[in-house]
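Single-structure report; data block below.
Laboratory data are not the source of any read-out in this text; all were calculated from the coordinates shown. Since the structure is predicted, the reported quantities are computational estimates derived from the model, not experimental observations. Every residue, glycine as well, gets a Cβ built from its backbone with ideal geometry; the counts of neighbours run over all protein chains shown.
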Amino acid sequence: MNYIVLDLEWNQSNTGQEKEVAAIPFEIIEMGAIKMDDSCVMISEFNELVKPVVYQEMNHITSKLIHMQMQELERGRPFAEVAQQFLEWCGEEFIFCTWGSLDLTELQRNLRFHGMEPMSDGPIAFLDVQKLFSIAYEDRKIRRNLEYAIDYLEIEKDIPFHRAFSDAYYAAKVLSVIMKKDREILKNVSYDVFQPPKNRDSEVKVQFDTYMKYISRCFPDKQAAFGDKEVSSSKCYLCHRNLRKRIRWFSMNGKQYYCVAYCEKHGFLKGKIRFRKTDDGEIYVIKTTKFIDKEQMEAIAERKNRVRELRKRRKHKQNTPVE
């Protein structure tokens, strides 16, 4: 299998007044990629400018970051032509690799805007090299920029940063070092969910070393989602038993929901749900479950108590007559 290490540069509106902003907030203006084989050898490269059709002025932040002017993009080719060539260049047996989690989403959004066939009818598994670097060398949570990783690994800086091809090139260098260090790290795949699962059979359920991830199909609203047993249940991903909750689902902000269940064999299991909205107004669920210690469980219980107290105060304030 090959590894397609992809990086994109995109432009955006300076004013937010263009009618296309909602449909294509980021217009791709450059595509760069490295094709690396299973032996960490760079076997091919892709580097193309894209002539813009939506935003005809360079965003001032983008211009400073990538040192590009609109005149340079006049040499580019239409997006549909470049994207089609890129997808053919990728071949068949490969996995996408990016620095961070945004590139595949914006690539698919640009494909849809230009009326092209979607890359997938569901989530796309890919390697987030930024996350893999954190797993390999740091605490799994912190996210460093690409140049930091290059300096940390003492990789030679032989071309400038902040262009699509150069950043793909350096991300491939980092990935190569990680692969040579420990290929088991590559099991920590990420999922781009520009296209959520279409039905129950295509939902994503994947177990990692320290947690379990579930990506649901779409629901009309949160109530319908929580009414689904797969969404609301707490299941031990080691012994596969349904667990009774010690702390029922709650949220402090309406965006993230938490619960804690208990497995007699493996201990406290924390559940975390994040709701994501599709462009059609439906929602889907990204749920993670992981084992925690008693101290972490008590911290979540205290958090829920604070939520309960805040609700009581609001209710009391609403019911208090104004003199």
Report task. Can you tell me the relative contact order of segment 1-111? Whole percent, Cα pairs under 8 Å, sequence separation 6 or more. Result -> 34 percent
Requested in this report: Counting only DSSP beta bridges with both residues in segment 2-190, tell me the antiparallel percent, nearest 5.
Outcome: 70 percent
Query - Protection proxy ranking, peptides 133-141, 13-21, average beta carbon neighbours within 10 Å, highest first - result: 133-141, 13-21
Report summary line: Kirkwood Rh for segment 2-190 from C-alpha pairs, in Å, is 17.2 Å
Report task. Compute the FRET efficiency between Lys51 and Met252 as 1/(1 + (r/R0)^6), taking r as their Cβ-Cβ distance and R0 = 51 Å, and round to the nearest 0.05. Result -> 0.65
Report task. Taking each pair of different alpha-carbon atoms in the chain once, compute 1/r for the pair, average those values, and report the inverse of that mean as the Kirkwood hydrodynamic radius in Å to one decimal. Result -> 22.3 Å
Query raised in the report: Ranked highest first by the average count of other Cβ atoms within 10 Å around their residues, in what order do 118-130, 200-212 fall?
Result: 118-130, 200-212
Report summary line: Checked segment 163-222 against the a/c 1.5 cut and the a/b vs b/c comparison, axes a ≥ b ≥ c from its Cα gyration tensor; verdict oblate
Query raised in the report: Ranked by Cβ crowding within 10 angstrom, fewest neighbours first, how are Tyr257, Tyr191 ordered?
Result: Tyr191, Tyr257
Report summary line: Scalar couplings 3J(HN,Hα) for segment 228-240 by Karplus 6.51 cos²θ - 1.76 cosθ + 1.60 (θ = phi - 60°), nearest whole Hz, x for Gly and Pro, are 8, 4, 5, 6, 8, 6, 10, 10, 5, 7, 9, 10, 6
Query - Gain on full stretching of the segment that runs from Met42 to Leu186 - 0.36 nm per residue minus C-alpha separation - result: 50.1 nm
Query raised in the report: Given 10 °C and 1.306 mPa s, how large is the Stokes-Einstein diffusion coefficient of segment 165-285 in µm²/s, with Rh as the Kirkwood radius over Cα pairs?
Result: 95 µm²/s
**Report entry** Farthest positive-ward along segment 2-190 dipole, Cα basis, beta-carbon charges - from Leu87, Gln56, Asn188
**Finding:** Asn188
Query raised in the report: Using the per-residue mean of other Cβ atoms lying within 10 Å as a proxy for protection, in what order, highest first, do the peptides 104-110, 303-309 fall?
Result: 104-110, 303-309
